[in-house]
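These notes concern the structure reproduced below.
The values are calculated or read from the model by the stated rules, or taken from the named source; none is laboratory data. A quick note: this is a predicted structure, and the numbers were derived from the prediction, not measured. Cβ: placed from backbone, ideal geometry, glycine included. Neighbour counts: every protein chain shown.
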Amino acid sequence: MSQPELTIRAFEPSDAPRLCEIFYRSVHEVACSTYDEAQRNAWAPGIPDSSKWLPNLSQYATYVAVAAESGETIAWISMTQTGYIDMLFCLPEAVGRGIAGRLYDCVERIARERGFHRMTAHASLLAQPFFAKRGWQVDKHEMHVRNGVSIPRAEMSKNLLP
């Protein structure tokens, strides 16, 4: 598939409901290849309340990918002020088209501009190959318990020093 024409822009508070929807759909429609139904339901039991997510989304370096053709937000990423990638999610129909990579490149550039020496993330089993392809390493595998269900993931990092 070709890379779609898109704009990457900074998050605006009015984006929050759409980002919550993308998160929910990604967990339930994309992660189904890696996580079972109980794990997906524990991870995202419903579309999150955007008013509860808004403070973090606003405080973090959060960027959205908007499809040029439709004007629709199709993916997003957020990074804390310490270089921790908190979230990276795409609509199922946007997966595999280079959009997540373009969003990631945006926040890595910002991390380097801010002088960060290292970036970190807790990566799902699905996201681990994505990060590894970009030079990240698995620091440790772990089980994260959410809503009483164990969900495997990895603590990953990338050294940004030359």
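Of all the residues in the stretch 31-87, those that are in contact with an Asp or Glu (Cβ under 7 Å, 6 or more places away or on another chain), more than 16 Å from residue 17 (Cα to Cα) and either among the charged types (D, E, K, R) or not in a strand (DSSP E or B) (or both) number 4. Could you run through the stretch 1-30 and say how many residues are among the small types (Gly, Ala, Ser) and either in a loop (DSSP other than H, G, I, E, B) or buried (at least 18 other Cβ atoms within 10 Å of the Cβ) (or both)? Residues meeting the conditions: 3. Exactly one residue among 103, 6, 19 is modelled with pLDDT under 95 and aliphatic (A, V, I, L, M), and that residue is 6. In the stretch 123-159, the residue that is nearest to residue 42 (Cα to Cα) out of those that are surrounded by 17 or more Cβ atoms within 10 Å (Cβ to Cβ) and among the basic types (Lys, Arg) is 153. The number of residues in the stretch 106-130 being at pLDDT below 95 and under 15 Å from residue 10 (Cα atoms) comes to 0. Annotation for the stretch 65-79: no member residue is surrounded by 14 or more Cβ atoms within 10 Å (Cβ to Cβ), free of Cβ contacts under 8 Å to residues at least 40 places away in the same chain and under 19 Å from residue 151 (Cβ atoms). Test residue 139 against the criterion of being modelled with pLDDT of 95 or more, charged (D, E, K, R), in contact with a strand residue (DSSP E or B) (Cβ under 6 Å, 6 or more places away or on another chain) and within 23 Å of residue 21 (Cα to Cα), and give yes or no. No.
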